[in-house]
Structures are given as C-alpha cells and as structure tokens.
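Input: a single structure, listed below in structure tokens.
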Amino acid sequence: MEVNDASAETSNALTIDLSGLENATTTITGGAGADKIYGSAGDDYIKVDDKDTEVKGGDGTDTVEITKAADFTDDGDVFETIEKIVMKDTLTLNASQLDGVTNIDGGGKALTIKGTDSGDTIDLKSITF
C-alpha cells in the first residue's frame with residue numbers, strides 16, 4: 001500500500017495515521033508541511049523531510065528515508081520505533097533520537113550526532129553503517 005500526503009505542494013501540516021492496519025507493508029510519503037506520521041503494524045517505508053515533527057513506525061521493521069537536508073536536534077524525539085534510516089540528504093540528530101535504530105544507510109551524505117551538555121556517551125556499536 002502506498003500513501004502520499006496530498007498537500008505535497010503546500011505547507012499544510014497533516015497527520016497520517018495507519019496504526020490500525022494489521023500486517024500491512026506500506027510506503028508513506030509526507031508532504032511539505034510539519035507532518036505527523038504513524039506507521040502500520042507491518043513493515044513501513046516512511047519518506048520525511050526537514051519539516052516533519054513526529055514519525056512513529058509501529059510494529060514491524062520500519063525505515064525512514066530523509067528526502068531533504070534535515071536538522072531534528074530541536075524537535076525532541078521525532079523518531080520512535082524506527083529501525084533503519086536511509087539518507088538521501090544530510091541529517092543532524094541528537095544521540096537519543098537513535099534509540100532503536102540498528103542500520104543507517106548514509107548514501108555518502110553527512111550524519112551529525114549531537115550530545116547534550118550533560119556529558120553524553122554516544123554508543124554506536126549496535127548500528128550498522
């Protein structure tokens with residue numbers, strides 16, 4: 001199943017919620033606004049840009065594709081239950097935003113991981129690049 005945000009050419013924010021779908025494999029594409037995207041209980045492939053504010057993968061093995069250079073460090077925990085990140089452009093995250101991520105496909109793009117002022121330890125041993 002493929003779901004595309006109809007507001008792709010406008011700055012309207014939209015909530016896409018597929019959390020009620022069971023055993024679905026979906027591709028979800030957010031639009032130009034500050035979207036909130038909730039994946040299904042199956043394997044989801046979710047395309048996000050720099051404006052999206054919340055992305056929850058749900059059950060299954062879920063992938064987020066970064067379609068536009070993004071800095072999510074001021075957005076708290078943008079990603080939840082996401083196992084893989086595919087970078088089509090540069091990405092900046094806080095260390096805590098990598099919880100649950102086991103694979104990052106950098107695509108030759110820059111990944112910046114920021115800590116906080118509290119002396120963080122950034123442990124990447126469980127992530128495959």
message: Being out of contact with any helix residue (DSSP H, G or I) (no Cβ under 6 Å at 6 or more places or on another chain) and either buried (at least 18 other Cβ atoms within 10 Å of the Cβ) or not in a loop (DSSP other than H, G, I, E, B) (or both) narrows it down to one residue among 108, 58, 76; which is it?
response: 58
statement: Out of (1) under 26 Å from residue 123 (Cα atoms); (2) assigned to a loop (DSSP other than H, G, I, E, B), the one residue 92 does not meet is (2)
- request: Output yes when any residue across the stretch 96-105 is closer than 23 Å to residue 28 by Cβ, part of a loop (DSSP other than H, G, I, E, B) and free of Cβ contacts under 8 Å to residues at least 24 places away in the same chain, and no when none is.
  value: yes
message: Quick check on my filter: what residues within the stretch 12-51 are open to solvent by less than 60 Å² (accessible area, probe 1.4 Å), over 17 Å from residue 70 (Cβ atoms), polar (S, T, N, Q) and assigned to a strand (DSSP E or B)?
response: 26, 27
task: Could you please give the count of residues in the stretch 16-41 that are modelled with pLDDT under 90 and either β-branched (Val, Ile, Thr) or touching a His at 6+ places or on another chain (Cβ under 8 Å) (or both)?
output: 2
query: Being of a type in the set (Lys, Arg) and either modelled with pLDDT under 90 or under 15 Å from the mean Cα position of the chain (by Cα) (or both), is that true of even one residue in the stretch 67-74?
result: yes
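The values are calculated or read from the model by the stated rules, or taken from the named source; none is laboratory data. The shown structure was predicted, so the numbers you read here are calculated from the model rather than taken from an experiment. A quick note on method: Cβ atoms are made from the backbone with ideal geometry, for glycine too, and the neighbour counts reach across all protein chains shown. Surface accessibility is based on the protein's heavy atoms, side chains included, excluding ligands, DNA and RNA. Shrake-Rupley method; radii C 1.70, N 1.55, O 1.52, S 1.80 Å.
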